[in-house]
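No lab work stands behind these numbers, since they all come straight from the coordinates. Only a predicted model underlies this, so the values are computations on that prediction, with no experimental measurement involved. Here the Cβ positions follow ideal geometry from the backbone for every residue, glycine too, while neighbour counts run over all protein chains shown.
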Amino acid sequence: MKQSLMPVLLALSILSGSVSAAPIKFQRIMVLDYDEDAQDKSIPLLTKRGFVTQIDFGRGETIESLGGTSQAAALTGDADGWIVVGRKGDRHLYLKPKSEAYPSNLLVVTNRYNYAFELRILPDESRSDGVWRLSFRYPNDGLSSAEVRANQVAYALGAPTEKRNLKYRIELIRGNGDILPKKVWDDGRFTYIAMGNNREIPAAFKVDGNDTESTLNLHTEGQLLVIHEVARRFLLRLDQQEVGIWNDAFDPDGMANTTGTASPDVVREVVEPQASALPMGGR
C-alpha cells in the first residue's frame, strides 16, 4: 500500500482521537512517498509491544548515524524502553518497544536523507498489531550508470549464494498454512526463506533451546526473506498463524567467509593507511 505522509499524519490524528472522523487503519506493510520536502515532517510509526517493526530505506541508501550519533548502536529519546537494531552502513533498521517503553522519537541520517520518526505505542488491547514493515518510494529514481552499478554490487552483497544445506523441516504450528514457505535453505552464513507469490511476509524470530524467541537481523528481496545468520530453529508469525522451521543439519561452525562479503562474486579489499596518515591517539 503506497501513501504520502499527509494521509498518514491525518490517520494518526484520527487514531489518537484529535479528529472526529471514521478511523483509518494502518497497514502492517506500508510504503510511503518520501522526498526532500518530507524531511521537514515527522513520520508517525505505530508499534505494539510484542511485535517487531522493520524500516527499509532505498536501494543504495545506507545509514550514516542513528539517534544523532555515529555510533553503531541506535539511540532514541527513550533508550531504555526500546530495542533498536541497526548499524552504520545498514539499509534496514529494526525496532521493538519493551514492556516499559513510552512514546518517543528516533532520528536517522542516511547518505541521502534525514528521517525523524515519531514512535507511538498501541495499547495492548488494541486489535491492530501496528506497522510491521515500512519502506519508502522516492522520486526521480532514474539512476546514473554509476548508481546502477553500485546497486548491483549492493544486491550481490546480500544475494543468495550456494545452497549448502537444504535439510530443513517446516511444520505448521497454528493457522491455515498461508505463511508456509515454499523452500528454506542456507549457505552456511545466511538463511533463505522463500515465500509464495502474493503472500504477506511474516515476522521471523530465532528460538533457542528454552523456547525463548529473539529478534533477527534480516532483509527481504521480493518474496525472499534473508536472515543474517544460521540457527537450529526459527519461528514465522503472522496474525494468529505460526510456522516452525527446524534446521536438521545445523553446523555451528558455519562456512568460512573467504571473500569478506556475503557473495563469492564480490571481494572486500582492505587498504591499509600509511603510518603517517593518522596522528598518535587518532581514531
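Details
- All-pairs Cα distance distribution in segment 29-137, expressed in whole percent, bin size 10 Å: 15, 51, 30, 4
- Looking at segment 77-137, the GluC sites (Glu not before Pro) that sit in a DSSP loop and have at most 16 other Cβ atoms within 10 Å of their own Cβ are E100, E125.
- Label point 7 Å beyond Cα of R164 along Cβ direction - residues of segment 213-246 with amide nitrogen under 20 Å: 217-219, 225-234, 246
- Pairwise FRET efficiency - E64 versus L172, Cβ, R0 = 35 Å, nearest 0.05: 0.25
- Efficiency of FRET from Cβ geometry, D56 and K88, R₀ 22 Å, rounded to 0.05: 0.85
- Extension gain, R112-D239: 0.36 nm per intervening residue step, less the Cα-Cα distance, totals 42.3 nm.
- Based on C-alpha pairs under 8 angstrom that are at least 6 apart in sequence, segment 168-247 has a relative contact order of 39 percent.
- Alpha-carbon centroid distance for the pair segment 82-110 / segment 42-56, whole angstrom: 9
- Residues within the reach of a label modelled at S42 (point 7 angstrom out along Cα to beta-carbon, backbone nitrogen below 18 Å), restricted to segment 107-140, are 107-109, 114-123, 131.
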